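Colleague: Before I ask anything, here is the structure I am working with.
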Amino acid sequence: RLVNGALITWYILGGLTIALTLYFLVRRDWKVLQRAYFWGGVLTVVLMVAMLVLLALNFNNLFDHFHQVFFKEGTWIFFANDTLIRLFPIVFWRDAFILVGGFTLIVAVLLIIIFWPRKKKIDQTTVPVAVFPDSSGSQPG
């Protein structure tokens with residue numbers, strides 16, 4: 001049930017992201033799109049760095065809190081000699097957290113780089129041109 005709920009949430013959020021991106025692309029509202037992806041990348045970096053710091057400080061505590069949030073009490077604790085624990089030891093889950101967190105961090109940094117706010121380029125057709133007198137002292141006519 002947890003996996004199905006997560007997949008449904010993933011599909012809804014993914015579809016919403018695609019729909020909003022297409023909406024702003026059709027409207028040619030580049031600034032809103034740029035800001036949304038930039039700040040989404042910043043928020044993701046902050047969350048992933050926090051998760052990776054917690055992972056480095058005390059993975060067992062992070063692991064326990066993760067399960068307390070997503071599972072019913074007592075349904076995720078097993079004996080050390082249970083098959084599930086032997087197939088997927090705590091080191092496996094620590095490495096999985098690092099892999100997913102690291103990949104997410106890389107994608108978020110790429111979003112920040114790609115959508116970094118830039119100053120507008122000056123349109124050369126609207127820039128005033130200074131007029132200097134020629135060496136004879138006469139003004140151009």
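Colleague: Which one of these is modelled with pLDDT of 90 or more and either in a helix (DSSP H, G or I) or farther than 30 Å from residue 112 by Cα (or both): 47, 54?
Modeller: Values: 54 fails: modelled with pLDDT of 90 or more.
Going through 47, 54 in turn, the sole match is 47.
Colleague: Filter the range 68-83 for residues that are open to solvent by less than 80 Å² (accessible area, probe 1.4 Å) and at pLDDT 85 or above and give the result.
Modeller: 82
The values are calculated or read from the model by the stated rules, or taken from the named source; none is laboratory data. Quick caveat: nothing in here was measured; it's all calculated off a predicted structure. Ligands, DNA and RNA are excluded from the accessible area calculation, which covers all protein heavy atoms including side chains. Shrake-Rupley method; radii C 1.70, N 1.55, O 1.52, S 1.80 Å.
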